[in-house]
Amino acid sequence: MRILHVAAEIYPLVKTGGLADVVAALPVALAARGLDVRVLLPGMPAILNGVTDLKPLIRLGPAFGAAVITLRLGRLPDSGLLAYVIDAPFLYRRDGDPYLGPDGRDWNDNHRRYALLGWIAAHLAAGELDESWQPEVVHAHDWHAGLAPAYIAQNPSLNTATVFTIHNLAFRGLFPLDHHTDLGLLITGADQSALEFYGHLSFMKSALVHAKRVNTVSPTYAHEICTPKHGWGLDGLLRDRGGHLSGILNGVDYTVWNPSSDPALPRGYSADKLRGKKVCKLKLQAEMGFAVRGKAPLFAVVSRLTSQKGMDLVLACLHELRAEGGQLVVIGSGEAEIEAGFRAAAAAHPHTISVHLGYDEALAHRIIAAADVLLVPSRFEPCGLTQLYALRYGTLPLVRRVGGLADTVTDATPGNLKDGTANGFVFDEPSSRALAARLRDACALYHDPATWHHLQRHGMAQDFSWADSAARYEALYRSI
Ligand code: ADP
Ligand code: GLC
């Protein structure tokens, strides 16, 4: 079976979040099952530079404002999977964030930049761009690839199966309605209502209407997005998709996230030999200017600093965290107010709070390895990957019971501790009070090393690899 994955990000070349990790790992897991998988990516500079052996396949254009578009084919750096890259200098030769300009605002031609991605997917599906390979399934990720199902549906001679994965429904790919003239899509009758969302265009909505199957990245989030509370105005449409909407939990690439072979760590470790984790902690404490004390609970945040991620809740319980003798290291970037809050907290308490505004993959690994507890108090969380990374690194996740966090973290209640299922801490109410209470409980348990080690070992032994999820995706493809 031939599958084309279509996405805007791929680790390690272009990454703003977990989407990139999934797009790097899922195709490889599917290929390991014997499927013939390729990836289609926009030609951002890091992708053109990082994909190896890139050869031109065909020249197109003008289209979407670009005079010349060259579709190239090469190989992904680590896996060697084949990747199509759309080289459209006018649209994609821009460094930095794939969606935002240097001023931090969306590029004003994003509708054309990402429509082109879906449009090329549809022409590949039609066999018009590469006569030697035609996908049977086009699997599009998030709104960036969201027009692929519509362009495919618009071609009556095509019966390509389409799957659309929602990684985050909050980003609906909204544009002014009058931009539809740039998209080359029919927008009359039913097609108009598929693209129009309260006076805007929505690439997300178009995908939810046109894809043969829609899924999201955890079973709980699949239920939540069918409710007005988490549906971002699209819950009615999602409820209507009924059995055509499912939840498949993301996996972890344990070749990238493995504490015994992680090149970013000062010392490797495993569940049987946790000494290396202690070394990672002491070194990080020294590097951050904290008291180098094995017994001080070290909390960490590796996250976009946004209200989705509940970062305002973390800011509001720093006092409790410090009162418990805790230290906090934060790496992330995001909303200006939250960044400012963390910056001020670190300036006021340099010996217990350290904040790194920005993106640093190696530091993120070192922090996850060094910490005792990773805080993920999200207001909503489609899947969440960092809690899964933390589990493998013997770092107990403290999370809110929502989305994929609810599906992967089992609270250290007396019952769960007794039957051995606990692997972290969970709270319900999205308030700093509820977070602070669970944080105090975590500190209390931290001072009971035997129980703590038990939880660590259980988490480290859990298997969230891609194998199961890839089997579920294959079954989904086969069903259509
Ligand atoms: P989301 O995609 O919503 O941001 P996920 O938990 O799915 O959340 O994925 C976040 C990914 O981004 C993880 O791989 C995490 O390690 C990484 N990450 C987040 N912030 C940073 C940062 N500042 N530096 C390095 N990696 C980061
Ligand atoms: C999104 C979600 C996150 C998920 C990731 C990968 O960015 O916010 O929860 O883990 O996509 O699917």
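The values are calculated or read from the model by the stated rules, or taken from the named source; none is laboratory data. Here the structure is a predicted model, which is why all the values come from computation and not from measurement. As a convention, Cβ positions derive from the backbone with ideal geometry for all residues, glycine included, and neighbour counts pool all protein chains shown. Remember, those area values only see protein heavy atoms, side chains included, never the ligands or the DNA or RNA. Shrake-Rupley method; radii C 1.70, N 1.55, O 1.52, S 1.80 Å.
Rundown of residues vs (1) more than 14 Å from Val302 (Cβ to Cβ); (2) open to solvent by less than 10 Å² (accessible area, probe 1.4 Å); (3) assigned by TED's automatic domain parsing to the domain that holds Ile166, yes/no style:
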site	(1), (2), (3)
Ala369	no, yes, no
Leu385	no, no, no
Ala390	no, yes, no
Asp411	yes, no, no
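Within the stretch 19-68, the set of residues being of a type in the set (Lys, Arg) and either assigned to a helix (DSSP H, G or I) or within 16 Å of Leu82 (Cβ to Cβ) (or both) comprises Arg38, Lys55. Selection of the stretch 112-129 for residues being of a type outside the set (A, V, I, L, M, F, W, C) and open to solvent by less than 10 Å² (accessible area, probe 1.4 Å) yields Arg113, Tyr114, Gly118.
Return yes or no: is Arg440 open to solvent by 80 Å² or more (accessible area, probe 1.4 Å) and farther than 20 Å from Ala371 by Cα? No, not satisfied. Among the residues examined, Arg94 does not qualify as in a helix (DSSP H, G or I) and either outside the structural domain of Val22 (by TED's automatic domain parsing) or not β-branched (Val, Ile, Thr) (or both).
Every condition in (1) without any contact (Cβ under 8 Å) to a residue 40 or more places away in the chain; (2) hydroxyl-bearing (Ser, Thr, Tyr); (3) assigned by TED's automatic domain parsing to the domain that holds Leu388 holds for Ser307 except the one numbered (1). Quick check, is Thr70 among the hydroxyl-bearing types (Ser, Thr, Tyr), at pLDDT 95 or above and surrounded by 17 or more Cβ atoms within 10 Å (Cβ to Cβ)? It is true that Thr70 is among the hydroxyl-bearing types (Ser, Thr, Tyr), at pLDDT 95 or above and surrounded by 17 or more Cβ atoms within 10 Å (Cβ to Cβ).
There is no residue in the stretch 426-437 that is more than 18 Å from Leu321 (Cβ to Cβ), within 13 Å of ligand 1 (Cβ to nearest atom) and surrounded by fewer than 20 Cβ atoms within 10 Å (Cβ to Cβ). Identify all residues within the stretch 216-225 that are under 15 Å from Arg172 (Cα atoms) and either touching a residue at least 60 places away in the same chain (Cβ under 8 Å) or not aliphatic (A, V, I, L, M) (or both); write none if there are none. Hit for the stretch 216-225 is Thr216, nothing else.
Could you tell me how many of the residues in the stretch 98-109 are surrounded by fewer than 21 Cβ atoms within 10 Å (Cβ to Cβ) and either of a type in the set (A, V, I, L, M, F, W, C) or in contact with a Phe, Trp or Tyr (Cβ under 9 Å, 6 or more places away or on another chain) (or both)? Even if it seems obvious, please write down each step before you answer.
Pass one, the stretch 98-109, residues surrounded by fewer than 21 Cβ atoms within 10 Å (Cβ to Cβ): 99-109.
Then drop every residue that is not either of a type in the set (A, V, I, L, M, F, W, C) or in contact with a Phe, Trp or Tyr (Cβ under 9 Å, 6 or more places away or on another chain) (or both), which leaves 99-101, 106-107, 109.
Total meeting the criteria: 6.
Return yes when His179 is open to solvent by 20 Å² or more (accessible area, probe 1.4 Å) and in contact (Cβ under 8 Å) with a residue 60 or more places away in the chain and no when it is not. Spelling it out, His179 is indeed open to solvent by 20 Å² or more (accessible area, probe 1.4 Å) and in contact (Cβ under 8 Å) with a residue 60 or more places away in the chain.
Between Gly80, Gly43, Gly17, the distinction of being out of contact with any Cys (no Cβ under 6 Å at 6 or more places or on another chain), open to solvent by less than 50 Å² (accessible area, probe 1.4 Å) and free of Cβ contacts under 8 Å to residues at least 12 places away in the same chain belongs to Gly80 only.
Looking only at residues of the stretch 334-360 that are within 24 Å of the chain's Cα centre (by Cα) and under 25 Å from Leu282 (Cα atoms), we find that the one that is surrounded by the fewest Cβ atoms within 10 Å (Cβ to Cβ) is Gly358. If you go through the stretch 261-282 and keep only what is in contact with an Asp or Glu (Cβ under 8 Å, 6 or more places away or on another chain) and not hydrophobic (A, V, I, L, M, F, W, C), you end up with Gly268, Lys281. In the stretch 295-315, the residue that is nearest to Leu435 (Cα to Cα) out of those that are open to solvent by less than 20 Å² (accessible area, probe 1.4 Å), of a type in the set (Gly, Ala, Ser) and not in a strand (DSSP E or B) is Gly310.
Considering only strands (runs of 3 or more DSSP E) fully contained in the stretch 316-398, which possess at least 1 residues that are within 30 Å of Asp463 (Cβ to Cβ) and within 16 Å of ligand 2 (Cβ to nearest atom)? Lay out the reasoning, then the answer.
On the way: elements: 327-334, 353-357, 373-376.
Answer list for the stretch 316-398: 327-334, 373-376.
Can you tell which of Thr220, Thr162, Thr227, Thr181 is in a helix (DSSP H, G or I) and away from ligand 1 (no atom under 16 Å from the Cβ)?
Thr181
Here is a check on your reading of the model: is Thr395 surrounded by 24 or more Cβ atoms within 10 Å (Cβ to Cβ) and more than 8 Å from ligand 1 (Cβ to nearest atom)? Please lay out each step first, then the result.
Numbers: surrounded by 24 or more Cβ atoms within 10 Å (Cβ to Cβ): yes; more than 8 Å from ligand 1 (Cβ to nearest atom): yes.
Considered against the rule, which asks whether it is surrounded by 24 or more Cβ atoms within 10 Å (Cβ to Cβ) and more than 8 Å from ligand 1 (Cβ to nearest atom), Thr395 comes out as yes.
Criterion applied to Ala296, Ala291 was being assigned by TED's automatic domain parsing to the domain that holds Ala406 and free of Cβ contacts under 8 Å to residues at least 60 places away in the same chain, and the one residue passing it is Ala296.
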